[in-house]
1. Identify all residues within segment 127-149 that are in contact with a helix residue (DSSP H, G or I) (Cβ under 6 Å, 6 or more places away or on another chain) and part of a loop (DSSP other than H, G, I, E, B); write none if there are none.
2. Looking at the structure I just gave you, is Met311 assigned to a loop (DSSP other than H, G, I, E, B) and modelled with pLDDT under 90?
3. I'd like the residue in segment 247-287 that is within 45 Å of the chain's Cα centre (by Cα) and aromatic (Phe, Trp, Tyr) and, out of all such residues, is farthest from Arg325 (Cα to Cα).
4. Given (1) part of a loop (DSSP other than H, G, I, E, B); (2) open to solvent by 10 Å² or more (accessible area, probe 1.4 Å); (3) at negative phi, where does Lys363 come up short, assuming only one miss?
5. At least 1 residues that are open to solvent by 60 Å² or more (accessible area, probe 1.4 Å) in each: list the strands (runs of 3 or more DSSP E) lying fully within segment 161-254 that qualify.
6. Examine segment 291-303 for a residue that is open to solvent by less than 40 Å² (accessible area, probe 1.4 Å), farther than 28 Å from Leu235 by Cα and touching a strand residue (DSSP E or B) at 6+ places or on another chain (Cβ under 8 Å), and state whether such a residue exists.
7. Within the bounds of segment 206-214, is there any residue that is in contact with a Gly (Cβ under 8 Å, 6 or more places away or on another chain), modelled with pLDDT under 95 and under 30 Å from Val257 (Cα atoms)?
8. Cβ contacts < 9 Å: first residue farther than 16 Å from Phe362 by Cα, restricted to segment 206-234; second residue of a type in the set (Val, Ile, Thr) and open to solvent by 50 Å² or more (accessible area, probe 1.4 Å), any location; separation 6+ or different chain. Result?
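The values are calculated or read from the model by the stated rules, or taken from the named source; none is laboratory data. Predicted model only: the values in this text are computed from it and were never measured. Positions of Cβ are generated from backbone atoms using ideal geometry, with glycine treated the same way; all protein chains shown enter the neighbour counts. All accessible areas refer to the heavy atoms of the entire protein, side chains included, with ligands and DNA or RNA removed. Shrake-Rupley method; radii C 1.70, N 1.55, O 1.52, S 1.80 Å.
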Amino acid sequence: MHLRWKLVLPMAAVAALLVGLLAYGVPAAAFGGAGTFLLGLALALTIAALAVAVALARGPLAVMEQESAALPRLRTELDEARATLVRESAHRREAEEALHEAEERYALAVRGANDGLWEWDLRREEVHYSPLWKSLLGHDDSEIGTGIDEWRDRIHPDDRARVLQELDEHLAGKSARFENQHRLRHKDGSWRWILARGTAIRHASGTPYRLVGLHTDITARRAAEQTLIEVAESLSAVSGDECLRTLVRSFAQVMGVREAFVCEPCDAPPTRARMLAWWRDGEFLAGVEYDLEGTPCKNPHVYGRTCYCPMDLEKQWPLEKQFNRRAYLGLPIHDSAGQLIGHIACTDNRPMPEQTPHLAIFKLFAQRGGIELERRALERVRGEVMDA
């Protein structure tokens, strides 16, 4: 029983007893003058009981009782809050671990791709250039600061206006990403072609506050593309043996290697190949026949597979050691019907880049060789028919 009722009930009971006696049990005359007194006392006790009840209902005791009654509910809410905190803490740890793993994968991907990372904090006007970004331009880590001018001032004058305009358009939200090819000044004074790719990180309002991207050195690819244009122009005016000689010499020049050759099969199914044009150490050599077994040429010539071994060629094909060949690239040649009719290859006595960007471009050499080999085959068949 609450303390409030322990105080009120006795007074109320006595008052009720007196009133009952006076009203029903005993005539008021039996008490004489005391009857009036008892009646007044009952009324006073009733009023006192009501006053105590009201006072207790409004006083500190009531507050204590209310707080006591609320304790179980508060305890339940506290337990639920603790459980929620535990769950959120576990989720946060999982999110942090996932973020850490993602950052590690991103870092590994960036390092593996040989790309230079840059990150522009637009609020602080500071740019983080990765050590690889700086090394692409021949600089040590301490030689380039954190200003945007470190990049902007190195852009070729003929490219600068175009690059900055496209960058401004991306920051203004007019493009989904920033992607541009331009020239940057190397430490040695030369110009390097760079593929710049980046994406702005924006607030919900669309205002950018950070720009993150990569720089890739595409100088070799641009040189190859230019050489291919020149090769295409030169090959369009020649045919026959002259075309094949031009083809292998240009192939060697694009790859920057000492040797290139184009071959056709000597038999069917092919076990031997015949060199139709052979460029080595700056001169043309007389073509030879050779066995395909034990050579990397078997991959493109027999199986129709591109074979690229950028280093340690002699470990996989020991026969190549006698020719001082350490790297090899071979591409299959098909005719217009898709039939395998030969291959074109290049080698070097030095390692080639582990990831050459030219494979898709070099297929043009194989396609041009296919046109010439198919033409030779048709002429050979026509000659046989005429002789018959």
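1. Hit for segment 127-149 is Ile144, nothing else.
2. So Met311 does not fit the description; no.
3. Of everything passing the filter in segment 247-287, Phe251 is farthest from Arg325 (Cα to Cα).
4. (1)
5. In segment 161-254, 178-185, 191-202 are the strands (runs of 3 or more DSSP E) which contain 1 or more residues that are open to solvent by 60 Å² or more (accessible area, probe 1.4 Å).
6. Yes, segment 291-303 contains at least one residue that is open to solvent by less than 40 Å² (accessible area, probe 1.4 Å), farther than 28 Å from Leu235 by Cα and touching a strand residue (DSSP E or B) at 6+ places or on another chain (Cβ under 8 Å).
7. Taking every residue of segment 206-214 in turn, at least one turns out to be in contact with a Gly (Cβ under 8 Å, 6 or more places away or on another chain), modelled with pLDDT under 95 and under 30 Å from Val257 (Cα atoms).
8. Pro208/Ile201; Tyr209/Ile201; Arg210/Ile201; Leu211/Thr199; Leu211/Ile201; Val212/Thr199; Val212/Ile201; Gly213/Thr199
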